[in-house]
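I'd like to ask you about the structure that follows.
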Amino acid sequence: MLNENQPLVYFFAKSTFGDEQPDFIKIGYTGTELSLRKAALQTGSESEIWAMGVLPFDEEDAARREEKRIHEHFGGFRARGEWFYATPRLIEYIEDYAVQYTERFIEDMPLTSDKEVIETDIIPTKSKEAVAFGNWLKECRKQNNMTPDDVAKIVGCAAGYIRYIEGGQGMPGQNLRKALTALFGDFSDYTTETIPDNPISVKMQGENFISENTGIDTFIKVIEAIGIEEVKKLNLSVNEIPLIADRTYDDKAQREVEIEKETYWIVSGTDQKRKKKILDDIASRLNVDMTVFANPKG
């Protein structure tokens, strides 16, 4: 299901001397976009701050409990507040257990934008390996008729980890990766060479891709392939109006679409990250077998 503000325990690092070796690591919680939390911390810091990893959860209480447990576990290394000395033991813990952070989607515009996003040719992307690993994990899970909760119980993590990784938002830590390999086999033979190099690409059942030159064109074609009427019945709202409407809304970005003599207007004022989340949510709600890739450029 769509979860824009997944609860996360995060590990942010900074270096006193400006190099890539962290001197301090912040162990904190956020229920908002990780990039926004990082930006807020960066405002008050002269040293660059970067994300080393996250522990994703489905519920805030679970994330808060884990944050408290980790604080207590590494209490002897506390420098000040939620900042801890970057000891080898703490770094090893992050490498073993945290989902390794990869480059996030570019935030071209706020998610509530009323203007249609103008797509550019050069867009910072998430790690292609993370996208591929997430796709591999989802396919393995479905082939074995397992839910994210089923997988999580076997490998010993929260179900939020599995959903986060399947979304291509990071690579599993060493311990989790070993457990997933023991469960489903080796990921190394999986390839992403066939993924079209467009802003949004969607692999439908049967290995067929829907992939247009612009994200909004792909977005609309996928909805058409699923069935506009079926998607419309979900009553999804985006930018404070229906995702699929029977009329236009003043000052809202919408694309007109005609299907069998019927006219609909589909919200178009979203960036690629938002489009992916909407399509993933639709697929989950309607049980559609498809995988969404957003900006999968290496």
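Every read-out reported here was derived from the displayed coordinates using simple, explicitly stated rules and does not represent laboratory data. Treat the numbers as computed from the prediction; the structure is a model and nothing was measured. Because the Cβ atoms are built from the backbone with ideal geometry, glycine has one as well, and the counts that use them run over all protein chains shown.
Which of VAL238, ILE228, TYR249 sits closest to the plus end of the dipole of segment 213-297, meaning its Cα is farthest towards the positive end, when Lys and Arg get +1 and Asp and Glu get -1 on the C-beta?
VAL238
With springs connecting C-alpha atoms under 10 Å apart, model the chain as a Gaussian network and identify which of ALA86, ALA132, ALA40 has the largest mean-square fluctuation.
ALA40
Could you sort 62-68, 216-222, 143-149, 167-173 so that the peptide with the highest average Cβ count within 10 Å comes first and the rest follow in order?
Listed from highest to lowest mean packing, they are 167-173, 216-222, 62-68, 143-149.
Now, a different point. Counting alpha carbon pairs within less than 8 Å and at least 6 residues apart, what relative contact order, in whole percent, applies to the chain?
Values: 497 pairs, mean separation 55.3, N = 298.
Averaging sequence separation for qualifying contacts and normalising by length gives 19 percent for the chain.
With semi-axes √(5λ) of the Cα gyration tensor in Å as the read-out, I listed [x] 43, 23, 19; [y] 35, 23, 17; [z] 35, 27, 20; which label goes with the value calculated from this structure?
So the calculated entry is the one marked [y].
OK, next. Can you give the relative contact order of segment 200-294 as a percent, counting alpha carbon pairs under 8 Å and 6+ residues apart?
30 percent
Need one word for segment 8-101: rounded, prolate or oblate. Basis is the Cα gyration tensor (sqrt eigenvalues a ≥ b ≥ c); a/c below 1.5 gives rounded, then a/b vs b/c decides.
oblate
Let me ask another. If I build a Gaussian network model for the chain, linking alpha-carbon pairs within less than 10 angstrom, which residue out of ASP246, ASP280, ASP96 has the largest mean-square fluctuation?
Highest fluctuation of the listed residues: ASP246.
With springs only between Cα atoms under 10 Å, which of ILE70, ILE25, ILE266 fluctuates most in a Gaussian network model of the chain?
Answer for the Gaussian network model of the chain: ILE70.
In nm, to one decimal, how far is the modelled label at GLU229 from the one at SER45, with both set 7 Å along Cα→Cβ?
Each label point lies 7 Å from its Cα, and together they span 5.4 nm.
What does the net charge come to around ASN287 if you take all other residues with beta carbon closer than 15 Å to its beta carbon, with K and R at +1 and D and E at -1?
Details: positive: LYS138, ARG141, LYS142, LYS233, ARG285; negative: GLU230, ASP280, ASP281, ASP289.
In short, +1.
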